[in-house]
1. Please report the base-10 log of the normalised intensity I(q)/I(0) for the range 422-504, using a Debye sum with one equal scatterer per alpha carbon and no solvent, at each q in 0.18, 0.19, 0.24 (1/Å).
2. Which order do the peptides 134-146, 179-191 come out in when sorted by mean C-beta neighbours inside 10 angstrom, highest first?
3. What do you reckon, how do 475, 108 stack up by accessible area (1.4 Å probe), largest on top?
4. Write down the Kirkwood hydrodynamic radius of the range 249-322, to one decimal in angstroms, obtained as one divided by the mean of 1/r over all alpha carbon pairs.
5. Given a 1.4 Å probe and heavy atoms of the protein chains only, how would you sort 237, 345, largest accessible area at the top?
6. Just want to confirm a number: the relative contact order over the range 257-313, from Cα pairs under 8 angstrom separated by 6+ residues, in percent.
7. Quote the accessible area belonging to residue 510 in square angstrom, nearest 10, computed with a 1.4 Å probe and with ligands, DNA and RNA left uncounted.
8. Can you tell me the FRET efficiency between residue 40 and residue 353 if r is taken as the Cβ-Cβ distance and R0 is 30 Å, rounded to the nearest 0.05?
Amino acid sequence: MRVAEAVGQGLAKLGADTVFGVVGSGNFHVTNALIAGGARFVAARHEGGATVMADAWARTSGRPGVVSVHQGPGLTNAMTGIAEAAKSRTPLVVLAAEALEIRSNFHVDVAGLAAAVGAVGERIYSPASALADVQRAYTTALGRRTVILALPLNVQAAPVVQHGDAGPIQAAPRTYPAGPAAEAVTAMAAVLRGADQPVFIAGRGARGRAGRASARADLERLADACGALLATSAVAKGLFGGNPWNLDVSGGFASPLAAELITGADLIIGWGCSLNMWTMRHSKLIGTGATLIQVDDDATALGAHRPVHLGVVGDVAETARAVADALAGSEDADGGGEPRSVRDKSGYRSPALRERIAREVRWRDVPFTDDGDGQRIDPRALSIALDDLLPAERTVAVDSGNFMGYPSMYLSVPDEAGFCFTQAFQSIGLGLASAIGAAVARPDRLTVAALGDGGALMGVSELETVVRLGIPMVVVVYDDEAYGAEVHHFGPDGDPLDTVRFPPADIAAIGRGFGFEGVTVRSAGDLGPVRDWLAGPRERPLLIDAKVTSVRGSWWLEEAFRGH
Ligand SMILES: Cc1ncc(C[n+]2csc(CCOP(=O)(O)OP(=O)(O)O)c2C)c(N)n1
Ligand SMILES: [Mg+2]
């Protein structure tokens with residue numbers, strides 16, 4: 001057996017059952033070996049797309065993703081997706097063929113590329129070390145790292161050196177950090193006991209992963225005990241879906257009521273959440289005198305974005321459980337014998353606030369002036385209409401651009417797996433591939449790719465992948481015929497905008513060319529075909545080219561530019 005085959009089979013044994021990629025000569029054998037080992041291979045049309053699909057698949061399934069690329073240009077094409085995954089701490093193995101010969105056309109400095117974007121560079125060093133190299137790379141990925149595993153062509157072609165009776169390859173057991181230190185639990189319980197208006201903000205670290213449920217139940221139990229309101233960072237949107245105290249996303253996407261209540265908190269706890277400038281709206285959501293606590297299983301994350309009063313190293317669910325037990329225990333010690341529910345603190349919660357949240361916290365319930373004129377639909381009106389039409393069991397994947405807040409804020413999602421937000425690198429053009437990866441992970445849900453016209457045309461080749469895979473996806477393009485982000489940022493200064501404006505493109509026809517059903521929407525009255533498509537049988541995917549108004553830039557975009 002050649003090393004290439006041993007690597008593919010070894011990865012399959014470790015648990016790689018879904019592999020995305022673009023196959024060339026350098027990754028042909030390893031990919032086929034993965035398939036022979038039982039993995040499903042999903043061919044993309046561009047390595048950038050393949051990598052983002054694997055990333056989104058990993059986020060949605062909670063398991064390490066795998067992507068397979070050719071040497072040289074196969075890897076450089078994948079780099080934007082790798083940067084996004086690395087910044088997002090996505091567990092991902094990038095199988096990258098490597099031409100070590102320095103005069104080869106295909107030669108690139110793989111380790112240098114990995115280091116440049118914050119990925120971990122790994123390599124299959126020799127036939128003797130191949131299986132150990134694979135295991136090391138996979139285990140590193142499980143620790144929430146994006147790993148480029150270089151597969152030198154000469155090593156791939158060599159016969160594998162068997163290791164006697166070492167037995168089948170297995171993933172190293174996952175070891176999560178031990179529970180939080182007792183002093184930290186005591187300190188957190190004390191702060192919570194004294195807090196009148198606590199708000200929990202849960203981030204990526206509260207999402208489920210690798211066979212573990214999310215921390216939702218444990219966070220809700222603790223929040224009930226201390227009367228906390230609940231919010232998430234954008235990447236964890238949906239985590240508290242259906243909870244009456246859920247404020248949805250904190251940060252630039254927060255609704256006016258959510259922002260008011262977060263700003264009113266006297267204690268904010270970030271749970272697996274960095275409390276960065278996006279989530280805290282450049283600190284504007286932190287009220288004067290508010291205490292900040294951050295809980296993270298990675299000590300280096302504590303205080304990385306802003307000083308916190310208390311940083312706790314610990315797994316989110318375990319820490320929430322320990323603090324809830326500490327609160328309950330101290331109450332028992334006080335001699336209270338009544339049921340927990342009676343003793344629970346009301347904290348920030350009151351019947352009146354519960355009603356107000358139900359009435360006002362959703363963006364769709366915030367009044368706005370509809371800018372639609374019959375020729376162009378207001379993106380807020382469009383999003384609300386889609387929210388009404390689309391089934392609740394949906395996955396929403398969002399590209400980058402001025403438009404991105406509309407689907408993020410106006411489309412509800414059933415839980416955190418129903419939202420795929422590949423925005424850590426702020427690249428446009430990733431949204432469609434994100435949607436494909438998420439759809440492969442959750443075929444039971446209707447996947448909605450929300451794109452700008454710029455991002456849609458940048459990632460357009462993967463429309464063929466949607467059709468080929470037979471995914472009944474809805475692609476909605478917020479089409480302002482421009483790089484709206486730039487138009488709205490520079491327009492007010494009177495700068496020339498010719499470089500960022502485009503003539504009208506018939507994106508519905510482009511979709512039809514790929515095999516989609518295509519519909520152009522200029523007003524709510526044009527949504528009939530969307531309703532018909534949703535009624536079934538959804539034989540082909542649907543592309544909605546929504547010609548949207550661009551009267552005003554978006555408020556979250558101004559935040560974004562301030563963050564540069
Ligand atoms: C790969 C990449 N190139 C360029 C940019 C700069 N950029 C940010 S938003 C944007 C415009 C995107 O246009 P579109 O997808 O139509 O969304 P809109 O802003 O119009 O809503 C551009 C070019 C980027 N973020 N990523
Ligand atoms: Mg645009």
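The values are calculated or read from the model by the stated rules, or taken from the named source; none is laboratory data. Because the structure is a prediction, the values reported are computed rather than measured. Cβ sites come from the backbone with ideal geometry, for glycine too, and all protein chains shown count toward neighbours. What goes into the accessible areas is simple: the full protein's heavy atoms, side chains included, and nothing from ligands, DNA or RNA. Shrake-Rupley method; radii C 1.70, N 1.55, O 1.52, S 1.80 Å.
1. -0.78, -0.84, -1.13
2. Numbers: 134-146: 21.9, 179-191: 17.5.
In decreasing order of mean packing, 134-146, 179-191 become 134-146, 179-191.
3. Values: 475 0, 108 40 Å².
Ranking 475, 108 by accessible area, largest first, yields 108, 475.
4. Numbers: mean 1/r = 0.0801 Å⁻¹.
About 12.5 Å, per the Kirkwood formula over Cα pairs.
5. Working: 237 5, 345 65 Å².
Final ranking, largest accessible area leading: 345, 237.
6. Details: 92 pairs, mean separation 20.0, N = 57.
Contact order relative to length: 35 percent.
7. Counting only protein heavy atoms, residue 510 exposes about 60 Å² to solvent.
8. On the way: r = 48 Å, r/R0 = 1.59.
Using R0 = 30 Å, I get an efficiency of 0.05.
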